[in-house]
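In what follows, a single structure is set out as structure tokens and then discussed.
The values are calculated or read from the model by the stated rules, or taken from the named source; none is laboratory data. This is a predicted model, so every value here is computed, not measured. Quick reminder, even Gly has a Cβ in these numbers, built from the backbone with ideal geometry, and neighbours come from all protein chains shown.
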Amino acid sequence: MSERRKGLEAAEAKGMALFDAVEAAGLVQPGRTESAVTEDIFRLAREKFGVLRHWHKRIVRSGPNTVKIYSDDPPDRTIGADDTVYLDFGPVFGEWQADIGRSYALGAGGEKQRLVADLSRIFDAVQTHYHATPGMTGAELFTHAAREAEKAGWLFGGQIAGHIILGEYGMERPPGDPARNYIAPGNDEAMQSPDTLGRERHWILEIHLIDKSRSYGGFYERLL
């Protein structure tokens, strides 16, 4: 295993521990605003894990905001008792980036709980397919992820199904066509090919599911 991969996996493990700490602290609760939860998570990450930098914006989204993609900036809302909620973090541990997402269904039983359970299940299925299919392109893996969502009765909510992660904080993206850095339509290059500087590429897989009425969704991501 390369040193970069070891660094990325160590950062992800710390990120997962941050999620566990968020859950233990009961930060995601009905009646709280998304912005208040975001600030509490930032404080917890700083005080318990020493995280001072985040390489992308921290996201807490609930209810209808969970159908939005990363580039959207929906208005702040108060979390409802029957909402789905997703968290998307990019903490930097030392000099290593993590990129992790997890979802919750606050109500008791029903389709929202099924959606949240399907997120990690579909992630595992797509990851298994990727590793079993040498030469897989970004466009092909996106199509497979969308197909798995459809088989489970959901819509695939993302315009992409992931992206490269550089690992070291502050490292610039390699030169060349930016499309090759995304798991998305239009990337017809093998994902296991090196970047334009000859380095191995490491990928984040994103699973964004939404219901067919487009009223709620969920999000899950981690290293592919």
Problem - Set 193, 213: member being closer than 18 Å to residue 136 by Cα, surrounded by fewer than 13 Cβ atoms within 10 Å (Cβ to Cβ) and of a type in the set (S, T, N, Q) - result: 193
Problem - Close pairs (6 angstrom Cβ cut-off, 6 or more residues apart or separate chains): among the charged types (D, E, K, R) in the range 65-78, surrounded by fewer than 16 Cβ atoms within 10 Å (Cβ to Cβ) anywhere - result: 68/74; 76/33; 76/35
Problem - Residue list for the range 43-64, restricted to those being surrounded by fewer than 20 Cβ atoms within 10 Å (Cβ to Cβ), outside any loop (DSSP other than H, G, I, E, B), in contact (Cβ under 8 Å) with a residue 24 or more places away in the chain and among the basic types (Lys, Arg) - result: 48
Practice task
For the range 89-102, state whether one or more residues are at pLDDT 95 or above and either in a loop (DSSP other than H, G, I, E, B) or over 26 Å from residue 6 (Cβ atoms) (or both).
Solution key: no
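If a residue has to be of a type in the set (Phe, Trp, Tyr) and either surrounded by fewer than 16 Cβ atoms within 10 Å (Cβ to Cβ) or over 19 Å from residue 215 (Cα atoms) (or both) to count, how many in the range 71-106 make the cut?
Within the range 71-106, the first condition is being of a type in the set (Phe, Trp, Tyr), and the residues that meet it are 86, 89, 93, 96, 104.
Filter again for either surrounded by fewer than 16 Cβ atoms within 10 Å (Cβ to Cβ) or over 19 Å from residue 215 (Cα atoms) (or both), leaving 89, 93, 96.
The number of residues fulfilling the criteria is 3.
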Handout entry: Unique match (being surrounded by fewer than 19 Cβ atoms within 10 Å (Cβ to Cβ) and either more than 17 Å from residue 99 (Cβ to Cβ) or touching a residue at least 60 places away in the same chain (Cβ under 8 Å) (or both)) among 224, 155
Key = 155
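Looking at this structure, is residue 139 in contact (Cβ under 8 Å) with a residue 24 or more places away in the chain, surrounded by 20 or more Cβ atoms within 10 Å (Cβ to Cβ) and more than 30 Å from residue 52 (Cα to Cα)?
On the way: in contact (Cβ under 8 Å) with a residue 24 or more places away in the chain: yes; surrounded by 20 or more Cβ atoms within 10 Å (Cβ to Cβ): no; more than 30 Å from residue 52 (Cα to Cα): yes.
The answer is no for residue 139.
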Handout entry: Top-ranked residue of the range 3-42 - restricted to ones that are surrounded by fewer than 19 Cβ atoms within 10 Å (Cβ to Cβ) and in contact with an Asp or Glu (Cβ under 6 Å, 6 or more places away or on another chain), ranked as nearest to residue 60 (Cα to Cα)
Key = 35
Fill in the blank from the handout: Result of the Cβ filter at 7 Å on the range 114-134, keeping first residues that are among the charged types (D, E, K, R) and partners that are crowded, with 21+ Cβ neighbours inside 10 Å and at pLDDT 95 or above, at least 6 apart or interchain, is 118/154; 118/209
Handout entry: Residue, farthest from residue 112 (Cα to Cα), within the range 41-66, restricted to residues that are in contact with a helix residue (DSSP H, G or I) (Cβ under 8 Å, 6 or more places away or on another chain) and of a type in the set (D, E, K, R)
Key = 48
Fill in the blank from the handout: Reported set for the range 176-224 where residues are hydroxyl-bearing (Ser, Thr, Tyr) and either more than 26 Å from residue 121 (Cβ to Cβ) or part of a loop (DSSP other than H, G, I, E, B) (or both) is 193, 196, 213, 215, 216
Fill in the blank from the handout: How many residues of the range 52-68 are hydrophobic (A, V, I, L, M, F, W, C) and modelled with pLDDT of 90 or more? The answer is 2
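Give me the residue from the range 159-172 that is part of a loop (DSSP other than H, G, I, E, B), under 19 Å from the mean Cα position of the chain (by Cα) and at pLDDT below 95 and, out of that set, surrounded by the most Cβ atoms within 10 Å (Cβ to Cβ).
To start, the set of residues in the range 159-172 that are part of a loop (DSSP other than H, G, I, E, B) comprises 159-161, 165-167, 169-172.
If we keep only those that are under 19 Å from the mean Cα position of the chain (by Cα) as well, we get 159-161, 165-167, 169.
Next, from what is left, pick out any that are at pLDDT below 95: 165-167, 169.
Numbers: 165: 23, 166: 20, 167: 20, 169: 15.
Result: 165.
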